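**Student:** Supplied in structure tokens, the structure appears directly below.
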Amino acid sequence: MGIRIRQLNNEAGNAVLYAMLVAVVGAVLLSALLPVIVANLKASSASIENTRAYYTAAAGIEAVLADLAQGKDILDSGYTVPSVTLNDMAAEISIRSPDARLRKPSVQRWLDPGVSGGLERLGPGEEWIVRLNGI
């Protein structure tokens with residue numbers, strides 16, 4: 001008992017046609033998705049670089065703050081800015097004195113409630129900072 005393969009009329013080559021159709025549809029989909037994939041890869045690499053730069057800058061700021069906590073005068077001309085390298089990136093730190101026109105003049109007044117007659121009126125943009133000592 002043998003197996004008979006019967007070929008139907010007018011169906012010769014349909015498998016090749018279907019295979020070519022699938023290949024063309026796949027190529028069209030791939031060509032449509034390729035720019036999206038490339039854009040996502042670029043965005044993800046830019047995000048990684050931005051994150052590395054952020055943490056390197058934060059490490060540089062922490063180094064300067066550590067110097068301030070040790071009592072160093074960072075505005076002194078002899079101050080050496082620490083060099084910070086993190087994730088193969090170097091933090092470029094520049095310190096300068098703020099522009100005098102932008103600085104608000106510092107006015108501190110001491111008030112002794114046992115001696116003074118009371119609180120003074122505040123000018124525009126002024127506020128009271130109250131420190132209680134020896135309580």
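The values are calculated or read from the model by the stated rules, or taken from the named source; none is laboratory data. A quick note: this is a predicted structure, and the numbers were derived from the prediction, not measured. Cβ placement follows ideal geometry from the backbone for every residue including glycine, while neighbour counts extend to all protein chains displayed.
**Student:** Evaluate the following for Ala90: is it of a type in the set (Gly, Ala, Ser) and modelled with pLDDT of 85 or more?
**Tutor:** Yes.
Each row is one residue, and each column tells you yes or no for (1) at pLDDT 90 or above; (2) exposed (fewer than 10 other Cβ atoms within 10 Å of the Cβ).
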| site | (1), (2) |
| --- | --- |
| Asn10 | no, yes |
| Val16 | no, yes |
| Val25 | yes, no |
| Leu29 | yes, no |
| Ala32 | yes, yes |
| Ala39 | yes, no |
| Gln70 | no, yes |
| Pro82 | no, no |
| Arg96 | no, yes |
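**Student:** Could you grab me the full set of residues in region 35-83 that are in a helix (DSSP H, G or I), out of contact with any Leu (no Cβ under 8 Å at 6 or more places or on another chain) and of a type in the set (Ser, Thr, Tyr)?
**Tutor:** Ser44, Ser45, Ser47, Thr51, Tyr54, listed by residue number.
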